[in-house]
Each structure stands twice: as C-alpha cells, then as structure tokens.
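These notes concern the structure reproduced below.
The values are calculated or read from the model by the stated rules, or taken from the named source; none is laboratory data. This structure is a prediction, so every number in the text was calculated from the model and none was measured. Note that each Cβ is placed from the backbone with ideal geometry, even for glycine, and that neighbours are counted across all protein chains shown. These area figures cover heavy atoms from the full protein model, side chains too; ligands, DNA and RNA do not enter into them. Shrake-Rupley method; radii C 1.70, N 1.55, O 1.52, S 1.80 Å.
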Amino acid sequence: MATVKRPPGRRRGGVTVDDVVAAATGIVDRDGVDALTIRRVAEACGLSPMGLYRHVRDKDDLLDRVVDAVLGPALRDLDASGSWDQQVADLFRHLRRLNLEHPGIAVLCVLRPTPVIGVARFYARMLAALAEGGFTGTDAVHAFDTLLMFMFGSVLWEIPRTTDTRERLVAVAIGDQAATQIIERATELSQRDPAEYFEAGLNTILDGLRASRRR
C-alpha cells in the first residue's frame, strides 16, 4: 500500500510549500500535465530547481500535492446526504464538476496513481454510501470502479469536444453507406449536451445497482 504523503509545512526564503503547489496547479490548469516541470515551477516561485527540492521530494511528490490541493478540500466540505444512491450521485456529480474546472487534474488522476488523503477520503465516503445500499466486499469495489471509470471517461470525452468537432464527425460520415446510423442521428450526435448525457449514464448505472440489490 502506498504511503500517503503529507506536506512538510516549512517556509524557506519566503516561499512556502503551499506557494509551490499553487504554482504547479496553475501550470497544470493552464497548460496541462505535460507542461509541468520542476524547472518551470521553480521559475514561477523565484527559486532554483535545487531550491524547489527543499520543499518537495521529487516531481511525483509535487504531483500528489497538486491533486490533494484541488480535490481534498472540495470533497471534504461536500455535504452528501440522503439515501445511499443519492449520496453516490451527489459525490460523483461534484467530482465531475471539479475535474471539469481543473481538466489537467482529471488527466493527472487517470495517468498515474494518486495516493493522497483527499482521494482516500473520497473512496471511503463512496464505499460507506455503497455499504448503506447493501454493497460489500468485491460487489462494492466493482460498483465503485464502474462509477469512477464512467465519471472519468465522461470528463475526458467532454474536455476536448465542442459542437463543431461533433459536427465534423457527422460530415465525415455523409455518403458512407456503412455510416447510415450516424446520418439518421446526426442532430442528436452533434448537439448532445454533455451534462445531460452524464446524468443519463449515471442514472443507468444506479438503476443497474438498485436492480442487482433487489435480485
């Protein structure tokens, strides 16, 4: 089991660990995960690369702190109550909104493990809600993984796509006899609302989980 990394909470030369994490988060939000380098974060903080290593152990440590800084407080303060399925829906809706606000974080969470306390607490809350619904052991983990993969898939699908890009897919299919189903549903495919489709998918999964409990 990976060890949860905790901030050292020290200040050197007027720059704090929080300053370093905020600079890194800004880079990931603006330019994506690939743009994040120790040198670039150090420059943003007015430090040398070696000076930055006095605040974080390495790049992996920095990436973990970025994820925790974005997800930890927001998920900790979320009030999800009600029935088990209402809690699950509220938690994943909120997580989706956070990842759309910070698309680089969504990519980061998919590309690498995120052994941080904020993520661990979200897992715990989700598993507790599923336990209220009667899901335990492997059943609970399967249910959780299905919801998690759907949420990340919907976010990563939505981030780079606009109405124009969807319309181009329909335009490519015109005249292709093998693509008649695309043409018949051209309007729905090009104009679909990502939020509406997320809700439809989430409700489909929850309907399946409720049915499995009744069986």
Restricting the range 158-179 to residues that are open to solvent by 70 Å² or more (accessible area, probe 1.4 Å) and part of a helix (DSSP H, G or I), the one modelled with the lowest pLDDT turns out to be ALA178
List pairs: first in the range 144-156 and more than 17 Å from PRO194 (Cβ to Cβ) and of a type in the set (S, T, N, Q), second buried (at least 16 other Cβ atoms within 10 Å of the Cβ) and modelled with pLDDT of 95 or more, Cβ under 9 Å, 6+ apart or cross-chain?
-> THR146/ILE205; THR146/LEU209
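Here are some residues: VAL110, VAL33, VAL116, VAL28. Which one is without any contact (Cβ under 8 Å) to a residue 60 or more places away in the chain and of a type outside the set (Lys, Arg)?
Testing whether each residue is without any contact (Cβ under 8 Å) to a residue 60 or more places away in the chain and of a type outside the set (Lys, Arg) leaves just VAL110.
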In the range 89-101, is there at least one residue being among the small types (Gly, Ala, Ser) and either in contact with a Gly (Cβ under 7 Å, 6 or more places away or on another chain) or farther than 16 Å from ASN203 by Cα (or both)?
-> no
Looking only at the range 187-198, count how many residues are surrounded by 12 or more Cβ atoms within 10 Å (Cβ to Cβ) and touching a residue at least 24 places away in the same chain (Cβ under 8 Å).
-> 5
Determine the pairs where a residue that is part of a loop (DSSP other than H, G, I, E, B), located within the range 79-105, has a partner that is among the polar types (S, T, N, Q) and open to solvent by 40 Å² or more (accessible area, probe 1.4 Å) with Cβ atoms under 8 Å apart, the partner being 6 or more residues away or on another chain.
-> ALA80/GLN86
If we scan the range 124-134, do we find a residue that is touching a Lys or Arg at 6+ places or on another chain (Cβ under 8 Å) and either open to solvent by less than 30 Å² (accessible area, probe 1.4 Å) or among the basic types (Lys, Arg) (or both)?
-> yes
Listed residues ARG40, ARG6, ARG30, ARG65; which is among the basic types (Lys, Arg), within 21 Å of ALA120 (Cβ to Cβ) and either at pLDDT 95 or above or part of a helix (DSSP H, G or I) (or both)?
-> ARG65
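Could you tell me which of the residues ILE182, ILE159 is of a type in the set (Val, Ile, Thr), touching a helix residue (DSSP H, G or I) at 6+ places or on another chain (Cβ under 8 Å), over 27 Å from ASP31 (Cβ atoms) and in contact (Cβ under 8 Å) with a residue 12 or more places away in the chain?
Values: ILE159 fails: over 27 Å from ASP31 (Cβ atoms).
Going through ILE182, ILE159 in turn, just one is of a type in the set (Val, Ile, Thr), touching a helix residue (DSSP H, G or I) at 6+ places or on another chain (Cβ under 8 Å), over 27 Å from ASP31 (Cβ atoms) and in contact (Cβ under 8 Å) with a residue 12 or more places away in the chain: ILE182.
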Of LEU189, LEU127, LEU111, LEU206, the only residue that is of a type outside the set (Gly, Ala, Ser) and in contact with a Leu (Cβ under 8 Å, 6 or more places away or on another chain) is LEU189
Can you tell me which residues in the range 199-215 are open to solvent by 90 Å² or more (accessible area, probe 1.4 Å), in a helix (DSSP H, G or I) and of a type outside the set (S, T, N, Q)?
-> ARG213, ARG214
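Condition check ((1) touching a Lys or Arg at 6+ places or on another chain (Cβ under 8 Å); (2) among the polar types (S, T, N, Q); (3) open to solvent by less than 20 Å² (accessible area, probe 1.4 Å)) across all residues:
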site: GLY51; (1), (2), (3): yes, no, yes
site: ASP61; (1), (2), (3): yes, no, yes
site: ASP64; (1), (2), (3): yes, no, yes
site: ALA69; (1), (2), (3): no, no, no
site: ASP77; (1), (2), (3): no, no, no
site: TRP84; (1), (2), (3): no, no, no
site: VAL88; (1), (2), (3): no, no, yes
site: HIS94; (1), (2), (3): no, no, no
